[in-house]
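Trainee: Dropping a structure here in structure tokens format, bear with me for questions.
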């Protein structure tokens, strides 16, 4: 008979099991309260996707603006180079060529080849 628990021990063990179950249910409830519902998850996921899409569009717009600025700067540089070349041609045709021709005529006149 000593192997069998008394009625008081059975009641105490049942109360301990009952208390453990209550704690487990309370813990499970708190864990479930901390979980996110699928609707909220979907909403937050869509919001994050929208934010990422808007951010990538802004980055793309900034990159396109930067590329356009670079193309414009390159075009401005080419235009300035063309103007410098035109100015050099103008200086040559307006100043240097007439002076060279004048010197040639003076040289030829001094040698007497002109008469």
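The numbers here are math on the coordinates, done by the rules we state, and not lab data. Not measured: the values here are computed from a predicted model. Methodologically, a virtual Cβ is constructed for each residue, glycine included, from the backbone with ideal geometry; neighbour enumeration extends over all protein chains shown.
Trainee: Compute the distance in nm between two label points, each set 7 Å from the Cα along the Cα-to-Cβ direction, one at residue 6 and one at residue 85.
Mentor: Distance between label points: 11.5 nm.
Trainee: Name the most mobile residue of 59, 36, 11, meaning the one with the largest mean-square fluctuation, in a Gaussian network model of the chain with Cα contacts below 10 Å.
Mentor: Looking only at 59, 36, 11, the biggest GNM fluctuation is shown by 11.
Trainee: While we're looking at this one, here's another question. In degrees, nearest 10, range 0 to 90: what is the angle between the Cα axis of helix 7-34 and the longest Cα principal axis of the chain?
Mentor: Once rounded, one gets 20 degrees.
Trainee: Where does the Debye-calculated log10 I(q)/I(0) of the chain sit at q = 0.11, 0.19, 0.20 Å⁻¹, using only Cα point scatterers of equal weight, no solvent?
Mentor: Evaluating at q = 0.11, 0.19, 0.20 Å⁻¹ gives log10 I(q)/I(0) of -0.81, -1.07, -1.10.
Trainee: Taking only Cα atoms, what is the 0 to 90° angle, nearest 10, from helix 97-111's long axis to the longest principal axis of the chain?
Mentor: Long axis of 97-111 versus the principal axis of the chain: about 30 degrees.
Trainee: How much FRET efficiency would the formula 1/(1 + (r/R0)^6) give for residue 57 and residue 30, where r is the Cβ-Cβ distance and R0 is 41 Å, rounded to 0.05?
Mentor: My answer for the efficiency is 0.50.
Trainee: Testing the spin-label approximation: label points 7 Å from Cα along Cα→Cβ at residue 46 and residue 105. State their distance in nm.
Mentor: 8.8 nm
Trainee: Once the piece of chain linking residue 77 and residue 23 is laid out straight, how much longer is it, given 0.36 nm per residue of separation minus the C-alpha distance between them?
Mentor: Length gained, residue 77 through residue 23: 11.7 nm.
Trainee: So what is the calculated 222 nm ellipticity per residue for the chain, using -39500 (n - 2.57) for each DSSP H run with n of 4 or more, over all residues, to the nearest 500 deg cm²/dmol?
Mentor: -30500 deg cm²/dmol
Trainee: Please identify, among 16, 68, 80, the residue showing maximal mean-square fluctuation in a Gaussian network model of the chain using a 10 angstrom Cα cutoff.
Mentor: 16
Trainee: So what is the diffusion coefficient of the range 43-89 in µm² per second by Stokes-Einstein at 4 °C and 1.567 mPa s, using a Kirkwood Rh over Cα pairs?
Mentor: Using the Kirkwood radius from Cα pairs, D works out to 96 µm²/s.
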